[in-house]
Amino acid sequence: MTPCSYTCDESSKHPQAGMARLFPLRRFQQSATVMCANMRHQRRLEGVKDAYRVDLAHRRRMIVENVATLVDPPTVDETEANPFTMEEAKAFLLAAAKRPTFMRWLVGVGMGFRQGESLGLRWKYVDLEAELFHPQWQLQRLTWRHGCTDPHLCGERLHRLEPCPADCTTHKGYKCGCPKPCPPGCARHASTCPERKGGGLTFTRPKTKKSRNAVPIPAPFIPYLRDHKEQQTVQRAAAGEEWQECDAVFTRPDGRPIDPRDDWEEFKELLEEAGISDRRLYDGSRHTTGTILNELGVDMPTIMEILRHTQISQTRRYVKGRSTLSKDAMHRMGNAFAPGPSTGPSETRSETPGSRVERSRRRRRIR
C-alpha cells in the first residue's frame with residue numbers, strides 16, 4: 001500500500017450519510033500480499049495519513065476489512081539513554097561554572113528542561129518569590145518558506161543534479177553522509193530566498209498542554225538566578241542601543257536568544273572539558289534529571305510531574321536503572337529473608353528500675 005494508492009476527496013460528501021467518500025474502492029481488490037509488502041516499507045508521513053483514512057473508512061463500514069492490520073508493524077530500535085551519573089553531573093556543572101551560561105546548564109541538568117524550553121524561558125514567566133518556573137514558550141528554528149513566485153528558479157544555483165563521488169571529501173564530516181541530489185522541480189533552499197518568510201528562530205508554544213505546568217525551582221538555585229539577572233542588567237547597559245530586547249532569561253551579549261546550534265556546540269565542549277564521554281544533549285538534561293531523582297528515592301509519579309509527562313510509561317523510558325541501586329536493593333532483600341548471624345548479646349544502654357536496685361544491693365555488699 002503506497003501513499004498514492006488511496007486518496008480521500010475531502011470536498012465531496014456522501015449525500016445520505018455525510019461521510020467523506022474514499023475512491024477508487026476497486027483498488028482494494030488487488031492482491032493483499034502485494035499491498036502488505038509495500039506497506040511494510042512505507043514510513044513517510046503521507047503513508048501514515050493514508051493508513052488513517054483507510055482505518056476511518058473501515059470503522060465507518062465503507063470497506064469490509066483494513067488489510068493494513070494484517071501486517072506486523074516494523075520494529076523501531078530506540079536509542080538507549082546514557083544519562084550522567086551523579087559524579088559526571090557535578091563535573092559537568094563545575095566546568096560550566098566558568099562560563100556566563102552556567103545558569104542555563106544548571107536549569108537543564110538540575111530541572112530536566114528541554115533545550116527549546118530552557119532557551120525560550122522569559123523573565124515574565126519566572127516567579128522568584130514563589131520559586132516557580134512557568135514554561136509557556138519554547139525557542140524553535142522553523143523552516144523557511146519561499147515568498148517568491150518561482151521557488152525552483154530562486155534556488156537554481158543550489159540545486160544538486162548529480163550525486164557525490166564515492167571518495168567525496170567535501171562532506172566527510174557529515175553524520176548523515178553526502179546530501180542526495182535534488183528531485184526534479186526542486187522547490188527547496190528557501191533560506192536563500194530574498195523574500196523568504198515563516199522561518200528562523202521563533203518563540204512557539206510547548207508541544208503539550210502539560211508541558212506548560214509550573215515547575216518548582218530548587219531553593220539553592222534562587223541566589224544564582226538573582227545574580228544572573230543582575231549580570232544581564234549590566235550587559236544591557238553595556239550594549240546600549242545594540243541590545244535587542246526579547247525578555248529571554250538566557251541571551252547572547254546583544255540580547256538575542258541563544259542559538260540552539262551554538263548551545264549544542266557548547267554542550268559538546270563542556271563534555272570534553274569535564275572529561276565525560278560523548279552523548280546526546282537530551283541524555284545530559286532530561287534523562288539525567290529523571291535518573292538522579294530516581295536514585296534519590298523520588299517516586300515515579302512525582303518524577304512524571306517534574307518532567308511534565310502525560311503518561312507514566314513515558315517517564316519510565318527516561319529513567320535508567322543503575323547497577324548500584326539494583327545491588328543495594330538485593331542486599332536489603334537478602335537481609336530481610338536471611339539476616340546475618342548475631343555478634344553476641346547486646347548491651348542495654350537504658351537503665352531500668354530493677355537494674356538500679358540490683359546495683360545498690362551490690363554496692364552494699366561490697367562495703
So, first residue under 12 Å from residue 189 (Cα atoms) and open to solvent by 70 Å² or more (accessible area, probe 1.4 Å) in the range 148-177, second residue outside any loop (DSSP other than H, G, I, E, B) and not acidic (Asp, Glu), Cβ within less than 9 Å, six or more apart or across chains; the pairs are 157/192
Here the residues within the range 245-261 that are assigned to a loop (DSSP other than H, G, I, E, B), in contact with a strand residue (DSSP E or B) (Cβ under 9 Å, 6 or more places away or on another chain) and surrounded by fewer than 16 Cβ atoms within 10 Å (Cβ to Cβ) are 246, 247, 256, 259
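Residue 130: aliphatic (A, V, I, L, M) and either in a helix (DSSP H, G or I) or surrounded by 14 or more Cβ atoms within 10 Å (Cβ to Cβ) (or both), yes or no? Walk me through it before giving the result.
Values: aliphatic (A, V, I, L, M): yes; either in a helix (DSSP H, G or I) or surrounded by 14 or more Cβ atoms within 10 Å (Cβ to Cβ) (or both): no.
It is false that residue 130 is aliphatic (A, V, I, L, M) and either in a helix (DSSP H, G or I) or surrounded by 14 or more Cβ atoms within 10 Å (Cβ to Cβ) (or both).
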Those residues of the range 294-308 which are open to solvent by less than 50 Å² (accessible area, probe 1.4 Å) and among the β-branched types (Val, Ile, Thr) amount to 298, 303, 306
Reported set for the range 208-226 where residues are touching a residue at least 12 places away in the same chain (Cβ under 8 Å) and either more than 27 Å from residue 304 (Cα to Cα) or open to solvent by 100 Å² or more (accessible area, probe 1.4 Å) (or both) is 224, 226
Flagged in the range 59-88 as open to solvent by 10 Å² or more (accessible area, probe 1.4 Å) and either within 21 Å of residue 218 (Cβ to Cβ) or assigned to a helix (DSSP H, G or I) (or both), in numbering order, are 59, 67, 68, 69, 70, 85, 86, 87, 88
Within the range 140-175, residues in contact with a Pro (Cβ under 9 Å, 6 or more places away or on another chain) and assigned to a loop (DSSP other than H, G, I, E, B) come out as 147, 148, 159, 160, 161, 162, 163, 164, 171
Selection over the range 262-293 where residues are assigned to a helix (DSSP H, G or I), open to solvent by 80 Å² or more (accessible area, probe 1.4 Å) and in contact (Cβ under 8 Å) with a residue 12 or more places away in the chain yields a count of 2
Filtering the range 97-127 for residues that are surrounded by 15 or more Cβ atoms within 10 Å (Cβ to Cβ), of a type in the set (A, V, I, L, M, F, W, C) and assigned to a loop (DSSP other than H, G, I, E, B) leaves a count of 2
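When only residues in the range 309-327 that are part of a loop (DSSP other than H, G, I, E, B) and over 23 Å from residue 133 (Cβ atoms) count, which is least open to solvent (accessible area, probe 1.4 Å)?
Taking the range 309-327 and keeping what is part of a loop (DSSP other than H, G, I, E, B), we get 309-311, 319-322.
Going one step further and asking which of them are over 23 Å from residue 133 (Cβ atoms), we end up with 320-322.
Values: 320: 63, 321: 60, 322: 40 Å².
Of everything passing the filter in the range 309-327, 322 is least open to solvent (accessible area, probe 1.4 Å).
The values are calculated or read from the model by the stated rules, or taken from the named source; none is laboratory data. The structure presented is a predicted model; accordingly, all values stated were derived computationally and were not measured. With ideal geometry, Cβ positions are generated from the backbone for all residues, glycine too; neighbour counts draw on all protein chains shown. Accessible surface is based on the protein model in full, side chains and every heavy atom, while ligands, DNA and RNA are left aside. Shrake-Rupley method; radii C 1.70, N 1.55, O 1.52, S 1.80 Å.
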